[in-house]
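The values are calculated or read from the model by the stated rules, or taken from the named source; none is laboratory data. Values in this document were obtained by computation on a predicted structure and should not be read as measured data. A quick note on method: Cβ atoms are made from the backbone with ideal geometry, for glycine too, and the neighbour counts reach across all protein chains shown. SASA here: full protein model, heavy atoms, side chains in, ligands and nucleic acids out. Shrake-Rupley method; radii C 1.70, N 1.55, O 1.52, S 1.80 Å.
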Amino acid sequence: MKWLGAMMVNGHVILLDGSIGVGKTTLGRLLATRFDGTFLDGDEFGTPGKPWFASSLSTCRQIRDASLDALARTWIVFVARPVRCWEWVFFTRHFERRGIGCALVGLQAMPEAINAPSRGRRFSERELARILEMIAQGYGARSYSDAVVRTDQADLDATVERVSASLRAIGISESNLTGHPGLTMGQENSDRRRQLRRFMDAACRRLGFCLPEDARERLMNGPRLNPRDFLEALIKAEGIDPIYLERYELYKPLLEIYRRFLPED
């Protein structure tokens, strides 16, 4: 699919495939920030109470619809989801008939690297068994992948660059966003969106204050607020409504991070 960047004019959907714990969500968020796009976590879709095999089609439809909705506001969407062959066919057919590029990036890592304490995530015995099973089944190394990137051979920043380089190799780069018809915001608003996303990424990494993607999108697309009012909206989006905002334990750390990324506010 080397022609994606040159031929597709209505945006791109990048599917990040791989086993549990390989880094799909972490990398997806960072790539969305780097490319000024939108991130969708596949785990947030589906039918509650049903196993994946009983709701797989409806989940794919939900991801398709959420991606199309996001592409009305931005030019690229990153989706973290293990992708089976029939799902790849489903996504490519639905997106490409609308002139939307669809690429698959496989993410791989050794099981011991996935379970390393330095990754900051602990897995149950059941999850560890599923990781081994998914690797054996070929997740992250599909024959239909446009690129395959290892996430256990470099630090996070270098891995983001490796994935970015793999996308540039098929014609999708950060420079594509300029003048893209799906990008209706002015450059100033686009820059501010990028700054707000980086702020929220930093708040998640440093403070564990992590909002779901739909809440982040509402805040980035909402009216421009002063720092105090924005942080109040941010904190309320997390389901917290402090009586005295300035006394909330994370208010000052959040304000400090905010001022690093948006010093002109």
What is the packing order of peptides 136-149, 232-245, taking the mean over residues of other C-beta atoms within 10 Å and listing the highest first?
136-149, 232-245
Run the numbers for residue 262 and residue 137: contour at 0.36 nm per residue of separation, minus the present Cα-Cα distance, in nm.
40.5 nm
Rounded tilt (10° steps) of 85-96 against the dominant C-alpha axis of the chain:
60
For a protection proxy built on the mean count of beta-carbon atoms within 10 angstrom, sort 68-77, 125-134, 20-29 highest first, please.
20-29, 68-77, 125-134
By average Cβ neighbour count within 10 Å, what is the ranking of 161-173, 109-121 from highest down?
161-173, 109-121
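Let me check I've understood the local charge: for residue 60, count other residues with C-beta under 13 angstrom from its C-beta, Lys and Arg +1, Asp and Glu -1. What total comes out? Don't skip to the answer; put the middle values down first.
Numbers: positive: 61, 64, 81, 84, 93; negative: 65, 87.
Residues close to residue 60 contribute a combined charge of +3.
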Of every Cα-Cα pair in the range 29-174, the percent that sits beyond 18 Å:
62
Any idea of the accessible area per residue across the range 1-154, 1.4 Å probe, to the nearest Å²?
46
For the chain, what is the convex hull volume of its Cα atoms per residue in Å³?
139
Can you tell me the 0 to 90 degree angle between the C-alpha axis of helix 187-207 and the longest principal axis of the chain, rounded to 10?
90
Evaluate Rg over Rh across the range 32-93, taking Cα atoms for both radii and Kirkwood's formula for Rh.
0.98
For residue 148, residues with placed amide H under 5 Å, excluding near neighbours:
106
